[in-house]
Amino acid sequence: MGGHLLDSIFTDTMLSDLERLERVNRTLGLLPARDKHKELKQIESFVINPSQNFNAIAAQYYDDMPWAIKVLLRTIGVKKHSQSSLTSYLLFEKRYTQHLMQIGYEDGMAQLPKMREFLELD
């Protein structure tokens with residue numbers, strides 16, 4: 001339950017920010033050119049979502065966590081193969097974070113043509 005709460009906090013906040021950005025952009029798009037302020041401009045966004053499930057990956061590195069964290073997780077019912085999102089939020093071990101960075105790099109490289117177009121680099 002704690003993992004779902006953390007997931008909701010972080011994901012919902014980002015989604016809320018993106019929705020707000022889209023609303024402001026739509027509103028600015030409705031203003032006639034003569035009414036637009038110099039300080040206000042539309043801002044485009046580009047989102048890259050992870051291609052893999054972090055919970056499943058965290059389960060692979062469960063044994064890398066400190067003993068005290070594992071005991072805490074077991075106390076609340078999270079075991080090695082639970083694939084709890086709480087594990088992915090508490091796991092800061094080197095091998096796990098390196099795995100996540102590699103996924104981020106690969107996901108970014110997979111979107112490189114779209115990113116170049118978004119940044120107008122072509």
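Where a number appears in this text, it was derived from the coordinates with a stated rule and is not lab data. Remember, predicted model here, so these are calculated numbers, not experimental data. In this analysis, Cβ positions are derived from the backbone assuming ideal geometry, glycine residues included, and neighbour counts consider all displayed protein chains.
Worth pointing out:
- For the chain, size of Cβ-based charge dipole, Lys and Arg +1, Asp and Glu -1, in debye: 260
- For the chain, the mean projected area of the C-alpha convex hull, equal to one quarter of the hull surface, is 10.2 nm².
- DSSP loop trypsin sites (Lys or Arg not before Pro) with at most 11 other Cβ within 10 Å excluded, longest remaining stretch of the chain: 42-122
- When shorter helices are ignored and each DSSP H run of at least 4 residues is given -39500 (n - 2.57), the per-residue value for the chain at 222 nm works out to -19500 deg cm²/dmol.
- Taking every lysine pair in the chain that is 8 or more places apart or spans two chains, those with Cα atoms closer than 23 Å amount to 6.
- Chymotrypsin sites (Phe, Trp or Tyr not before Pro) within region 23-96: DSSP coil, no more than 15 neighbouring Cβ in 10 Å: Phe46, Phe92
- Contact order normalised by residue count of the chain, Cα under 8 Å, 6+ apart, percent: 31
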